[in-house]
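Written below as structure tokens is the structure these notes are about.
The values are calculated or read from the model by the stated rules, or taken from the named source; none is laboratory data. What you see is a predicted model, and the numbers here were worked out from it, not measured in a lab. Every residue, glycine among them, receives a Cβ derived from its backbone with ideal geometry; neighbour counts consider all protein chains shown.
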Ligand code: FEO
């Protein structure tokens with residue numbers, strides 16, 4: 001059974017994961033209309049991952065005697081100055097999500113809720129991977145700079161990243 005405090009904190013995370021899905025969906029659309037099909041595909045996949053993160057939390061809350069709340073979401077940014085700016089926003093957002101997960105872990109320990117603490121370890125590991133992936137992408141973008149040929153290759157390679165991810169079932 002989850003306490004009211006834990007239920008509230010988990011519901012907050014459900015909203016954050018839902019907002020993450022919307023943020024990446026908006027990025028996918030922006031990239032798609034710019035003709036960056038690889039980046040768009042990557043962002044659509046990211047958005048789907050976030051929806052899965054949300055659903056996993058929803059199931060946990062409901063199974064633990066709480067009631068998962070489906071709440072109003074903040075509107076995402078729908079356009080970006082550059083694809084570099086877009087990936088910087090993705091990185092900043094993932095850092096924010098990690099902080100939110102850490103806070104949740106902290107609350108679960110304060111409440112001595114070891115079932116929730118154990119459940120959250122999956123999210124802790126996931127955030128390490130997501131932040132590392134975003135940093136790797138930003139490093140590549142900094143190498144490309146304004147080179148159009150580099151952007152072409154990047155857009156092509158990021159498709160492989162998504163395909164490999166789908167094949168292994170892991171987050172990139
Ligand atoms: Fe669900 Fe990308 O954090």
query: Restricting to segment 110-122, what's the tally of residues that are out of contact with any helix residue (DSSP H, G or I) (no Cβ under 6 Å at 6 or more places or on another chain), in a helix (DSSP H, G or I) and more than 16 Å from the ligand (Cβ to nearest atom)?
result: 4
- request: Tell me which of these residue 141 doesn't satisfy, since it passes every other one: (1) within 20 Å of the chain's Cα centre (by Cα); (2) surrounded by 17 or more Cβ atoms within 10 Å (Cβ to Cβ); (3) assigned to a loop (DSSP other than H, G, I, E, B); (4) more than 16 Å from the ligand (Cβ to nearest atom).
  value: (3)
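Which residue out of 64, 15 is surrounded by fewer than 21 Cβ atoms within 10 Å (Cβ to Cβ) and within 13 Å of the ligand (Cβ to nearest atom)? Outline the logic, then answer.
Values: 64 fails: within 13 Å of the ligand (Cβ to nearest atom).
Going through 64, 15 in turn, just one is surrounded by fewer than 21 Cβ atoms within 10 Å (Cβ to Cβ) and within 13 Å of the ligand (Cβ to nearest atom): 15.
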- line: Contact list, first residue from segment 48-59 and closer than 21 Å to residue 27 by Cα and assigned to a helix (DSSP H, G or I), second anywhere and within 9 Å of the ligand (Cβ to nearest atom) and at pLDDT below 95, beta-carbon distance below 7 Å, six or more apart or interchain, is 49/171
- request: Would you check if there is a residue in segment 70-83 being in a helix (DSSP H, G or I), modelled with pLDDT of 95 or more and over 16 Å from the mean Cα position of the chain (by Cα)?
  value: no
- line: Checked segment 6-38 for anything farther than 23 Å from residue 74 by Cα and touching a residue at least 40 places away in the same chain (Cβ under 8 Å); matches are 34, 36, 37, 38
query: Which residues, taken from segment 31-51, are over 18 Å from residue 133 (Cα atoms) and either surrounded by fewer than 19 Cβ atoms within 10 Å (Cβ to Cβ) or within 11 Å of the chain's Cα centre (by Cα) (or both)?
result: 32, 33, 34, 35, 37, 51
Any chance residue 98 is closer than 30 Å to residue 152 by Cα, touching a helix residue (DSSP H, G or I) at 6+ places or on another chain (Cβ under 6 Å) and within 13 Å of the ligand (Cβ to nearest atom): no
